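Reviewing the structure listed below.
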Amino acid sequence: MLTPEPGQPLEAGGGGWIVLGVLNEILLKLANQPDLRSLWEEVCASARWIVPSQRLCVVLANDGGGARIAARYERGTFLYGAPEGGGVVVDAWMVAALEAQRPAWFRGPWDEARESDRARAWLLAEDPDVVFHVPIQVYKKTIGTMLFALEDQRQIDRKALASATTYALYVGATYTTLKNSLDLAAASARLREQNDELERVQIELRLQLDRVRAAHEAMLEMSTPIIQVWDGVLTLPVIGTIDSARAARMMEEVLDAVVRHGARFMIVDLTGAQATDASTIDHLLRIFAATRLLGSRCIVSGVPTAMVGRILESGGSLDGIPVFSTLKSALEHAVGAIRQQAQPTRR
């Protein structure tokens, strides 16, 4: 098993902080990258100014252990992600790099490491003298590493070591900030999508509610079909049960029709009505009474046997209201009364 060897100690004063006078410019460029791909491409391109290497591999630690290849760089060519079949690295060679708290290097021979996976084989393809490792840290926690395949270990001078350490720390901070920003943007986008979906559902629910209300209104209108069967004669066939809402609608429609048509008779046909409770009987009696107050005579036809008992039990009375067994009989009565009133008075 390969283990990292300690890096060269820094001289007092920490050596040079700038490689070729461009480190500050490099750090500023890193801070302006819009996404992770662009960030890693800039990291790989900029690293050549700090540690000139044959190949560079950026590795990030996984939350569940092990590591994954984030980016690679080969003599001016940037490659995003890992080679096919080599995306995850979990063996002791990489774990040792991630656990190291300071720059270090691995020495060959490389046969065993090259056989571990395709990512390792890619990094060691040109038989480097050493693989230099610089930990990427955030708040003293190692979140990844940069692995440089070097032709000669002497490429790691004191200035390169100091600058690489500074560079890796800045890479870690920039990556964490950008990732958090992208995660927040993604979460905000998902929240907007959820809000849009919720708004769409609310609109759909409102439309469905409007349709239900319209259907309910149509049913109410159908449940109070007031028909003019003769001049001055209206009829209201009552079918099914009568609840409070339907009774109120019936009252409104009956009174409006009586006034609008100037009806002299309103025939309420209960042939299709079902026996209901005392409150329903009370609603019907109120409709009969209101009709009389408007000057129209109310006639009832087809009272079901069960409803007769309910009327008597409720203490109600049809006194003064003509009652017929069939709608035909009620209509004949109303038409006869109208005709009789129309005849001239003899002297």
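The values are calculated or read from the model by the stated rules, or taken from the named source; none is laboratory data. Predicted model only: the values in this text are computed from it and were never measured. Every residue, glycine as well, gets a Cβ built from its backbone with ideal geometry; the counts of neighbours run over all protein chains shown. When the accessible area is computed, the model is the full protein with side chains, heavy atoms only, and any ligands, DNA or RNA have been set aside. Shrake-Rupley method; radii C 1.70, N 1.55, O 1.52, S 1.80 Å.
Restricting things to alpha carbons, find the Rg to Rh ratio for segment 66-180 using the Kirkwood radius for Rh. Numbers along the way, then the final one.
Working: Rg = 13.8 Å, Rh = 14.7 Å.
The Rg/Rh ratio comes out at 0.94.
Could you tell me the accessible area of residue 191 in Å² (1.4 Å probe, neighbours in place), rounded to the nearest ten?
Its heavy atoms expose roughly 90 Å² to the probe.
Take the Cβ-Cβ distance between residue 107 and residue 78 as r, set R0 to 22 Å, and report the resulting FRET efficiency rounded to the nearest 0.05.
0.20
What does the extension gain come out to for residue 338 and residue 207, with contour length at 0.36 nm per residue minus their alpha carbon separation?
Stretched out fully, the residue 338 to residue 207 stretch lengthens by 42.3 nm.
Can you give the relative contact order of segment 98-212 as a percent, counting alpha carbon pairs under 8 Å and 6+ residues apart?
Contact order relative to length: 21 percent.
For residue 179 and residue 278 in one chain, what is 0.36 nm times their gap in residues minus the Cα-Cα distance, to one decimal in nm?
28.5 nm
Starting from the 7 Å offset along Cα-to-Cβ, what nm value, one decimal, do you get for the label separation of residue 48 and residue 25?
Here the answer is 1.5 nm between the modelled labels.
At R0 = 30 Å, how high is the FRET efficiency between residue 126 and residue 38 if r is their beta carbon distance? Nearest 0.05 is fine. It would help to have the intermediate numbers written out before the result.
On the way: r = 27 Å, r/R0 = 0.90.
Calculated transfer efficiency: 0.65.
So how far apart, in nm, are the two label points at residue 169 and residue 306 if each is 7 Å from Cα heading toward Cβ?
9.0
Packing-wise, with mean Cβ within 10 Å as the measure, how do 162-170, 113-121, 197-205 rank, highest first? Could the numbers behind the result be given before it?
Details: 162-170: 20.9, 113-121: 18.4, 197-205: 10.0.
The packing order, highest mean first, is 162-170, 113-121, 197-205.
How long is the gain from residue 243 to residue 228 if the chain were fully straight, where each residue apart is worth 0.36 nm and the alpha carbon distance is subtracted?
Answer, rounded to one decimal: 2.9 nm.
Suppose R0 equals 35 Å; then what is the FRET efficiency for residue 286 and residue 329 from their Cβ-Cβ distance, rounded to the nearest 0.05?
E(calc), rounded to 0.05, equals 0.90.
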